[in-house]
Structures are given as C-alpha cells and as structure tokens.
Amino acid sequence: MKLSSALLAATANTVAQALRFTNSNFHNITVGTPFNITWTDANGPVKLTLLKGASPAYFENMGIIASGLTDSFYVWTPNNKLLRDIYDIQFEDSTGVPIYSFMFELVLAPITAATTTTTAAATASTTYATTWIWPTYV
C-alpha cells in the first residue's frame, strides 16, 4: 500500500510539473505589435510553432516562431505576411509532448494575400460590323 501511495504521489508531481503556458490573454494579438508568450515547468529548451486552423485535426504548420528557448517567455511580433485567420501556438519541450495555446485571430492582418497578376497582351484583334436599321414611318 505504501508503494502505491508513493507511486501516486510521484505521478501527481510529474503531472504538476508538465509544460504549460501561463498567459491566458490571447485577445487582440495584432500584426506588427509585440506579444509576450509565457510558459512554465518546461523540461529542457522550448520550441514554439505557429499553427493555423481551429482544431488540431486540421492544423496547418505555419512555421517555427522560435526554438531552443531556455527562458520562460518569448516576445513575438506577428509579421504582416500572416493572413487574418484562426491560429494557435504549439509549445513543445524535450519531452516531445506538445501543448497548445488558446486559439486566436490576428488583428489588422490582411484578409487575402497580395498577388501580382501578369497578363499577356492579345496579338490578334477582332473586328465587328454593326448595321443600323432605322424604322421608316409612312
């Protein structure tokens, strides 16, 4: 019985010390404005990855924000290449077990990407002839 109690206490202590993010305000994250991402209880360096989508089943990896972080915070400034969409930040330490922030929408992000369109000029031309028939009144 003592062994079970000791094992339960050790398991509870391990769970209590698992990586977790500590800032809960993911509202008004704005393109071009620094945002402080914070976490605690990391085992080794932390990697932050930006994910796009509203559900882990549909996340699209948008790239690593930062990696090898040994402090418990990182100041991230979202760039203007990100589109207005739903995003999430994945935290991962040396355990390899990811955790996720609250979902958020980027404020002041463009709705669509700027694109450059090139059109070729047509070399052939079309000619139309129009015949007007005026009514005659008798």
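The values are calculated or read from the model by the stated rules, or taken from the named source; none is laboratory data. Nothing here was measured: the structure is a model prediction, and the numbers come from that model. Cβ placement follows ideal geometry from the backbone for every residue including glycine, while neighbour counts extend to all protein chains displayed.
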Looking only at segment 1-54, and only at residues there that are modelled with pLDDT of 85 or more and of a type in the set (Lys, Arg), the one that is nearest to the chain's Cα centre (by Cα): 52
Of residues in segment 55-71 being small (Gly, Ala, Ser) and assigned to a strand (DSSP E or B), the one farthest from the chain's Cα centre (by Cα): 68
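Okay, residues lined up against (1) modelled with pLDDT under 95; (2) not β-branched (Val, Ile, Thr):
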position: 85; (1), (2): yes, yes
position: 95; (1), (2): no, no
position: 109; (1), (2): yes, yes
position: 115; (1), (2): yes, no
position: 131; (1), (2): yes, no
Taking segment 30-54 only, how many residues are touching a residue at least 60 places away in the same chain (Cβ under 8 Å), part of a strand (DSSP E or B) and either of a type in the set (Phe, Trp, Tyr) or farther than 12 Å from residue 104 by Cα (or both)? 1
If you go through segment 83-115 one residue at a time, how many are more than 12 Å from the chain's Cα centre (by Cα) and of a type in the set (Phe, Trp, Tyr)? 1
